[in-house]
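Contents: one structure, followed by commentary.
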Amino acid sequence: MTLSVQPHRESVGLKAGQLYIDGQWGPARDGATWTHHHPATAEPIGEFAVASAADVDDAVAAARKAFDSGTWSNSRATVRISLLHRYANLLREHADELRALQALDNSVPLSFGGIYASSVGAAADIFDHHAGWIDKIGGQTLPPYQGGDHLAMTFREPIGVVAAILPWNAPFLLFAQKIAPALGAGCTVVLKASEFATFSVLRMVELLAEAGLPAGVLNFVTGPGDPTGERLITHPDVDKVSFTGSRAVGKRIVEASAGTLKRVSLELGGKSPALVFADAPNVTMAAMTTMGAVTMGLAGQVCVANTRALVHRDVYDEFVGAAANLAGMITYGDPFDPAVISCPLINPKQLERVLGYIEQGKAEGARLVTGGERLGGDLAAGNFVGPTIFADVDNSSTIAREEIFGPVLAIVPFETEEEAVRLANDTEYGLGAGVFTSDVQRAFRVARRLRAGTVGINGFQVEPHLPFGGFKQSGLGREGGQSAFEAFTELKTVLMPLGEEMM
C-alpha cells in the first residue's frame, strides 16, 4: 500500500501561500514560488511565495512605520495584555486545525502533537505568561551618587523592529517564544517561517490578525535563506534578530549584524548529554526517557534532545538493553494515524546527512546495537530512518561530537562522577543536559558543574516562565520568562534635575 497524505491535504482549508505585509495578503512581487514536498511521502503538498529582497524591504518598511507611529509601541499596557490573552484563547480554539497543519508541514504525528513541549497549548500558555509581564517590566529611581538635587531614573523601552526567524521542527513553541515577548514589549516584527513548515505558521499569523493586531505590527514573509533570510538579517532597518536553527546560520547572523550592531538572540542546537549514574532511580526509565527524546515525535530532530548517553558501567548493559527495547516499539507512517508515534526526517538532504553520520559511526568503531538503515516497504518514498543506537562510543568520535539531528543515540561508558562531568563538558555545545541519580547532593553538585543552559534531574520539561538557551556555541541569550521579555527592550537612563536646577 502506498502511503499518501493527499486526502488530509484536501480536507484542510488552506490559504494559498502568500506574504502578509502591512495588513494585506498577497503574492511575492515577482511571483516566485516554492513547492514543499511532504517528508513522509515526497508528495507536493503546498506552494508558497518566495519573498524577494524587495518584498523583505516592504515588510521591514511596514514594521518600521508601525513602530515609529507609536500605535503599538506606545500603546497602553492593557491593550497589549488583552490582545495577547485574546490570541492565546484563539490558539486553543483552533488547536486541532493547527496540529493537522503541522502534520502536513513536517509530518509530526497527531499522537505527539498533544505532548506539552510540542503542543498548541504550550504556545497559548506562553502568550498568556508573557501578557503578565507587560505591566511589570519597569525601571528604577535611584538617589544621587555624588550629591546634588536630582533624580536618576531608568526605563525599559521596546527595541524596535525585530526579525524573527523560525525553524521547521517546533513551529508552535518557537513562534510563541519569539513573538509573545516581542509584541508584549511593544516591538514590531517581520517573521520568517522555515520553507519546510509554513502552513501552521501562516495560520497562526491569520489568527493574530483576527485577534486585532494592528496592520504593520507583524509582517510575514516566506522563502529560503537565500534570498529571503539573507536580506532580512542584513537589512539596516532591523534592530534585532531572533533566530533558532543551525550553528552555521547563527554564525552568519552574527557576521551580518556587525554592520549596524544589531541585537542578536540565537539558539543554535546542541549535543546534550544524559548522565546516568549507577544509583539512578530507574535505569529502564532513564533509558526510555533518553531514547524516547531521540526517536519519538520528531525523530531526534530536537535541539535539546540528550543524544549522548553517558552511562555508568555498573548499569551499562541494562541501559543499552532498555533503549534497544524501546527502539523496537517505534511506529512510523501516516502522521494522521493515531498509532504512529514518530516521523521522517524533514527532507532528502537531511536523510542523506544522517545516513552519512551512521556510516561514519560504524567506520570509527562504535558498536551498532540496532537500526542504522533507511526504512523501506510502504515507507520507501519518505525520509525515514529507523531508531539507531551506537554503544561503546568514544566521546571524541564524530557521532559523539557533532549534532546529527536524527534518531541516533550515542552511548558512552564512564566509571566515576569526575569522568562523567568531564565527558559531558567536553563539547562545543552547551544547550541542555540530564542527570539521573537518587542522590540529591550528587544531583545538585553535578548540575552546577555542567556547562549547559538547562539541566533536568531525572526528567526534563519545557516551562513558559523559565529561561531557555545555551552556553558556548549553543547560542546567545535566553528565551522564556523575564529574561526573554527584557531581551526585546533597551535600557534608558534619564537624569532629572530638581528645584532651581530646572530653571
Could you tell me the accessible area of residue 119 in Å² (1.4 Å probe, neighbours in place), rounded to the nearest ten? 10
Taking amide H positions as placed in the peptide plane 1.01 Å from N, state which residues far from residue 220 in sequence (5 or more) or on other chains have amide H under 5 Å from it. 20, 21, 191
For residue 46, enumerate residues with amide H under 5 Å from its amide H, sequence gap 5+ or separate chain, H modeled in the peptide plane. 36
By the gyration tensor of its Cα atoms, with a ≥ b ≥ c the square roots of the eigenvalues, what is the shape of the range 25-139: rounded for a/c under 1.5, prolate for a/b over b/c, or oblate? oblate
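Using a 1.4 Å probe, what is the accessible area per residue for the chain, in Å²? Mind showing how you got there, number by number?
On the way: 19900 Å² over 503 residues.
Heavy-atom accessible area per residue stands at 40 Å².
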Using the structure shown, list the pairs from 65/178; 251/472; 262/472; 65/240; 192/472; 178/262 with a Cα-Cα distance above 18 Å, or answer none. 65/178; 262/472; 192/472
Please list, in order along the range 30-41, the HN-Hα scalar couplings obtained from phi with the Karplus expression 6.51 cos²θ - 1.76 cosθ + 1.60 (θ = phi - 60°), rounded to whole Hz, x for Gly and Pro. 8, x, 5, 9, 9, 9, 9, 9, 5, x, 8, 9
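Does the range 369-487 come out rounded, prolate or oblate by the C-alpha gyration tensor, with a ≥ b ≥ c the root eigenvalues, rounded set by a/c under 1.5 and, if not, prolate when a/b is larger than b/c and oblate if not? Could you put the intermediate results ahead of the total?
Details: a/c = 2.07, a/b = 1.33, b/c = 1.56.
Since a/c reaches 1.5 but b/c is at least a/b, the shape of the range 369-487 is classed as oblate.
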Calculated SAXS-style log₁₀ I(q)/I(0) at q = 0.07, 0.08, 0.11, 0.12 Å⁻¹ - the chain, Debye, Cα scatterers: -0.39, -0.51, -0.93, -1.08
Can you list the HN-Hα couplings for the range 144-157, worked out from phi with the Karplus curve (6.51, -1.76, 1.60; θ = phi - 60°), rounded to whole Hz and with x for Gly and Pro? x, 8, 10, x, x, 9, 7, 10, 10, 10, 10, 9, 9, 10
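For the chain, what is the mean residue ellipticity at 222 nm derived from helices alone (per DSSP H run of n ≥ 4: -39500 (n - 2.57); sum divided by total residues; nearest 500 deg cm²/dmol)? Mind showing how you got there, number by number?
Values: 17 runs with 183 residues, N = 503.
So the helix-based figure for the chain works out to -11000 deg cm²/dmol.
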For the range 292-298, take each phi angle, set θ = phi - 60°, evaluate the Karplus expression 6.51 cos²θ - 1.76 cosθ + 1.60, and give the result in whole Hz per residue in order, putting x for glycine and proline. x, 5, 8, 10, 7, x, 9
State whether the range 213-301 is rounded, prolate or oblate according to the following rule on the C-alpha gyration tensor (a ≥ b ≥ c being the square roots of its eigenvalues): a/c under 1.5 gives rounded; otherwise a/b larger than b/c gives prolate, and the remaining case gives oblate. prolate
Which of 87, 20 is most accessible, then next, and so on - probe 1.4 Å: 20, 87
Going by amide H atoms built from the backbone, whose H comes under 5 Å of the H on residue 384, apart from near neighbours? 345, 375
Sorted by accessible surface (1.4 Å probe, heavy atoms of the protein chains only), largest first, 72, 34 come out as 34, 72
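The values are calculated or read from the model by the stated rules, or taken from the named source; none is laboratory data. As the structure is a prediction and not an experimental result, all values here were calculated from the model. We work out accessible area using only protein heavy atoms, side chains counted, and drop any ligands, DNA or RNA first. Shrake-Rupley method; radii C 1.70, N 1.55, O 1.52, S 1.80 Å.
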